[in-house]
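Novice: Following this message is one structure expressed as structure tokens.
A short reminder: the numbers here are calculations on the coordinates, not readings from a lab. Small disclaimer: the values here were computed from a predicted structure and weren't measured. So basically every Cβ, Gly included, is an ideal-geometry build from the backbone, and we count neighbours across all protein chains shown.
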Amino acid sequence: MNAPILKTINLSKIYRKGKTKALTGVSLEFNNQGVLTLLGRNGAGKTTFLRIISTQLMPTEGNVCVLGYDVVKEARAVRKNIAVMPQEGATLPPLTPWDHVYFTLRIKGVEKDIAKESANEVLEKLDLMEYKHIHADRLSGGLRQRTLVAMAMACKARLLLLDEPTLGLDPLSRRKIWKIVREYCKNIGSVILTTHYLDEAEVLSDQIVILNNGRILANGTVDQLRSLIEEKIKVEVYNGFSAEELHSYGRLVPVADRLRVLTNEKSAQQLVNEAIKRGARVQTSPITLDDVFVELSVNGGQE
């Protein structure tokens, strides 16, 4: 039987002489070739988690195995089988996108001819070919970000770790990355990523872990996480109703310039019918991962 892609048991990380707990008792298992996504607010522990499983940081307590290798006792074997795009990564101004990818592969031990071929292949996939010979200090922030993604993907590692891979990218570039990530999982290996984009997590993820203050709030598929909210429909109400009236249709959640009602299909239809009579503006949609994240982070993340 194949070893899990990732398995952690009671993983904890404490900084500053025991004063700051970045991770506490994190236990999870990721078995299938696909995408595991880590969600959480800033400071939730996502980057610390990635740094531990990539052998950049020692755990304080617990056990961590990546592809069957212990990250402490078999760190070298782990490193041979992973590629990492860190959140704090940066391109080098004198180098071009082609240079970044090519030299990354050479450092990994890839032969010259294969490295050249692989560099061109990944730059083509990420629409970077027309910029391949432009120095990084003349590229936009989005192009530099795509170059960092290309460096990690070109290694064709069994496990790819991406920390905020689409940060700062335009919508079309983000979708290009999504497509390439799915192709990577289909043809090469697995991906563990962090993101603040809930739509990204919903589209890509085979398994999602929501972290808050270093602890797991939820762990499962998108459908499993959606089921954590009893209501299945949300109605955004922009005008025409008072908060007191809306309580009769479902659970009321104030949101910026509107009111949100979480409810069932029957009550949602009743509310929409009444809104039509009043000429009020409302909008209905299914419960999304965004709703689950907010519900758990705000209401379930209190300590």
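Novice: Let me understand the chain better: what is its radius of gyration from the alpha carbons, and its Dmax, in angstrom?
Specialist: 22.3, 71
Novice: Which far-off residues, 5 or more places away or on another chain, put their amide H under 5 Å from the one on residue 24, with H placed in the peptide plane?
Specialist: Here the answer is 13, 215, since their amide H atoms fall under 5 Å of that of residue 24.
Novice: Viscosity 1.002 mPa s, temperature 20 °C: give me the Stokes-Einstein translational D for the stretch 1-154 in µm²/s, with Rh taken as the Kirkwood radius over C-alpha pairs. Could the numbers behind the result be given before it?
Specialist: Numbers: Rh = 17.3 Å.
Roughly 124 µm²/s, to the nearest whole number.
Novice: Okay, next question. Any chance you could get the radius of gyration and Dmax over the Cα atoms of the stretch 233-286, in Å?
Specialist: Computed over the Cα atoms of the stretch 233-286, radius of gyration and Dmax are 9.5, 26 Å.
Novice: Could you state the angle between the C-alpha long axis of helix 265-278 and the longest principal axis of the C-alpha atoms of the chain, as a value from 0 to 90 degrees rounded to the nearest 10?
Specialist: Helix 265-278 and the main axis of the chain meet at about 60 degrees.
Novice: Separation of the stretch 209-277 and the stretch 68-120 by C-alpha centroid, Å?
Specialist: If we compute the Cα centre of each part, the gap is 44 Å.
Novice: Most exposed first by the Cβ proxy, i.e. fewest other Cβ within 10 Å, how do 191, 122 rank?
Specialist: Numbers: 191 26, 122 23.
By the 10 Å Cβ count, ascending: 122, 191.
Novice: For the residues 281, 144, what sequence is obtained by ranking on other C-beta atoms within 10 Å, fewest first?
Specialist: Values: 281 12, 144 19.
Lowest count first: 281, 144.
Novice: Relative to the longest principal Cα axis of the chain, at what angle does helix 97-107 sit, 0 to 90 degrees, rounded to 10?
Specialist: It works out to around 60 degrees.
Novice: Can you give me the angle between helix 171-187 and the longest principal axis of the chain, using Cα atoms only, in degrees from 0 to 90, rounded to the nearest 10?
Specialist: Approximately 60 degrees, to the nearest ten.
Novice: What number do you get for the stretch 131-187 when its Cα radius of gyration is normalised by 2.2 N^0.38 Å, N = residues? Don't skip to the answer; put the middle values down first.
Specialist: Working: Rg = 11.7 Å, N = 57, 2.2 N^0.38 = 10.2 Å.
Dividing the Cα Rg of the stretch 131-187 by 2.2 N^0.38 Å gives 1.15.
Novice: Also: What nm value, rounded to one decimal, do you get for the distance between residue 256 and residue 116 when each label is placed 7 Å out toward the C-beta?
Specialist: Spacing of the two 7 Å Cα→Cβ label points: 5.1 nm.
Novice: Check residue 162: other-chain or 5+ apart residues with amide H under 5 Å from its amide H, H built from backbone geometry?
Specialist: 85, 192, 193, 194
Novice: Next up: Convert each backbone phi in the stretch 80-95 into a coupling constant with the Karplus relation 6.51 cos²θ - 1.76 cosθ + 1.60 (shift: θ = phi - 60°), then list the ³J(HN,Hα) values in order as whole Hz, x for Gly and Pro.
Specialist: For the stretch 80-95, the Karplus curve yields 5, 10, 10, 9, 10, 10, x, 4, 8, x, 8, 7, 9, x, x, 9 Hz.
Novice: Quick one: net charge of residue 254's neighbours, Cβ under 15 Å, K/R +1, D/E -1? Mind showing how you got there, number by number?
Specialist: Numbers: positive: 234, 251, 258, 260; negative: 236, 244, 245, 257, 291, 295.
My count for the surroundings of residue 254 gives -2.
Novice: Would you mind checking 7/80; 17/80; 21/108; 80/176 for any pair whose Cα atoms are more than 23 angstrom apart? Don't skip to the answer; put the middle values down first.
Specialist: Values: 7/80 18 Å; 17/80 32 Å; 21/108 34 Å; 80/176 27 Å.
Too far apart for the 23 Å limit: 17/80; 21/108; 80/176.
Novice: Here's something else I'd like to know. Looking at the chain only, what percent of DSSP beta bridges run antiparallel? Nearest 5 please. Walk me through the intermediate numbers first.
Specialist: Working: 34 of 51 bridges.
Of all bridge pairs located within the chain, approximately 65 percent are antiparallel.
Novice: Can you put 162, 139 in order, fewest other beta carbons within 10 Å first? Each step should come with its number before you reach the end.
Specialist: Numbers: 162 26, 139 19.
Going from sparsest to densest Cβ surroundings: 139, 162.
Novice: Given a cut-off of under 8 Å on Cα pairs at least six residues apart, what relative contact order in percent is computed for the chain?
Specialist: On the way: 554 pairs, mean separation 57.2, N = 303.
Once divided by the residue count of the chain, the mean separation gives 19 percent.
Novice: Something else: Taking Cα centroids, how far is the stretch 1-30 from the stretch 135-191 in Å?
Specialist: 26
Novice: Same structure again: Can you run phi through the Karplus equation (6.51, -1.76, 1.60; θ = phi - 60°) for the stretch 245-261 and list ³J(HN,Hα) in whole Hz, with x for Gly and Pro?
Specialist: 5, 6, 4, 6, 9, x, 8, 8, 10, x, 9, 6, 8, 8, 10, 10, 10
Novice: Whole-Hz Karplus ³J(HN,Hα) for the stretch 141-155, in order, using 6.51 cos²θ - 1.76 cosθ + 1.60 and θ = phi - 60°, x for Gly and Pro?
Specialist: After applying 6.51 cos²θ - 1.76 cosθ + 1.60, I find x, x, 5, 5, 5, 5, 5, 5, 4, 4, 4, 6, 5, 5, 6 Hz.
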